[in-house]
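Encoded as structure tokens, the structure appears first; notes follow it.
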Amino acid sequence: MDAPTLAVWKFASCDGCQLTLLDCEDDLLAVAGRVRIAHFLEATREVLPGPYDVSLVEGSITTAEDAERIRRVREMSRTLVTIGACATAGGVQALRNFADVEEFRSLVYAHPEYVSTLATSTPIAAHVDVDFELRGCPIDGRQLLEVITALLVGRKPNIASHSVCFECKRRGNVCVVVAHGTPCLGPVTHAGCGALCPAHNRGCYGCFGPMDTPNAAAQVALLRATGMADGDVERASRTFNAGTPAFIELSRVTTRREAHRDAPL
């Protein structure tokens, strides 16, 4: 029986999630012994024709050409997994969704007429069906290996859906909000990083995107209680996962409050 084929694809991204896979080193070698890597330009020039059993997709869709290319990747892939904040949420580049891309292009490039881009940066799931999403900026290597291993043996990946606060408790971290009044997005952020920043007395920045059932209003109230101004609360929600509905809701809570405050009596 032939080994299952694995393909890794890049769209608009920094390659950090693909590098996470390469950084798995010895564990990656064990996985490589079970699959045939058919397409992974970050690691090898060898490209085998599809179809592919599993495709890992990094990056968001920011051009019309990539919108067409992801449809071809979907057609060639029996299982398609998006990896990282860009692929699952549009990434940092989704900040363009709140601004005027034409203005950006005219200011940044000497000849903007040569730059072809979409007005928005969107996740892969906005264009094709996705079988599983793995969060993070970048993703966690242990979680990635769990997903690949699960798919190889035909079971559902065991990826927790709770918040970073659970990981803090498991590590025995002192809550940075309670102890130091440090702004933290941990209560609404998906677990997976091992509470890395709070373990070093820094607030969570939301790298892994929203947990399954985030409470936007409560999170905004918590951030304000630490002394954050409304504009800072909005900026805190518009970083790695700015394009997710839950984090958009965080910024809208602030916007609604400002609109209510400015409304005539």
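Of the residues making up segment 179-213, those that are assigned to a helix (DSSP H, G or I) and over 21 Å from residue 238 (Cα atoms) number 3. Restricting 29, 41, 48 to residues that are closer than 12 Å to residue 5 by Cβ and either surrounded by fewer than 20 Cβ atoms within 10 Å (Cβ to Cβ) or outside the structural domain of residue 142 (by TED's automatic domain parsing) (or both) narrows the list to 48.
The listed residues are 189, 244, and the only one of them that is surrounded by 14 or more Cβ atoms within 10 Å (Cβ to Cβ) and at pLDDT 95 or above turns out to be 189.
Among the residues of segment 1-51, just one is among the aromatic types (Phe, Trp, Tyr) and in a loop (DSSP other than H, G, I, E, B), namely 11. Against the list (1) assigned to a helix (DSSP H, G or I); (2) more than 14 Å from residue 58 (Cα to Cα), the condition residue 125 fails is (2).
Put simply, of 55, 60, 13 the only residue that is surrounded by 14 or more Cβ atoms within 10 Å (Cβ to Cβ), small (Gly, Ala, Ser) and more than 20 Å from residue 240 (Cα to Cα) is 55.
Answer yes if at least one residue in segment 168-178 is touching a helix residue (DSSP H, G or I) at 6+ places or on another chain (Cβ under 8 Å), assigned to a helix (DSSP H, G or I), under 28 Å from residue 122 (Cβ atoms) and not hydroxyl-bearing (Ser, Thr, Tyr), and no otherwise. So far as segment 168-178 goes, no, none of its residues is touching a helix residue (DSSP H, G or I) at 6+ places or on another chain (Cβ under 8 Å), assigned to a helix (DSSP H, G or I), under 28 Å from residue 122 (Cβ atoms) and not hydroxyl-bearing (Ser, Thr, Tyr).
One residue stands out in segment 130-173 among those that are within 17 Å of the chain's Cα centre (by Cα) and among the hydroxyl-bearing types (Ser, Thr, Tyr): the one that is nearest to residue 81 (Cα to Cα), namely 161.
Tell me which residues, restricted to segment 52-80, are in a loop (DSSP other than H, G, I, E, B) and β-branched (Val, Ile, Thr). Selection gives 62, 63. From the list 144, 152, which one is under 25 Å from residue 26 (Cβ atoms) and buried (at least 19 other Cβ atoms within 10 Å of the Cβ)? The match here is 144.
Quick check on residue 110: is it within 23 Å of the chain's Cα centre (by Cα), loosely packed, with under 14 Cβ neighbours inside 10 Å, of a type outside the set (D, E, K, R) and assigned to a loop (DSSP other than H, G, I, E, B)? Against the criterion (within 23 Å of the chain's Cα centre (by Cα), loosely packed, with under 14 Cβ neighbours inside 10 Å, of a type outside the set (D, E, K, R) and assigned to a loop (DSSP other than H, G, I, E, B)), residue 110 does not qualify.
The values are calculated or read from the model by the stated rules, or taken from the named source; none is laboratory data. Treat the numbers as computed from the prediction; the structure is a model and nothing was measured. Neighbour counts are summed over all protein chains in view; Cβ atoms, including those assigned to glycine, are modelled from backbone coordinates with ideal geometry.
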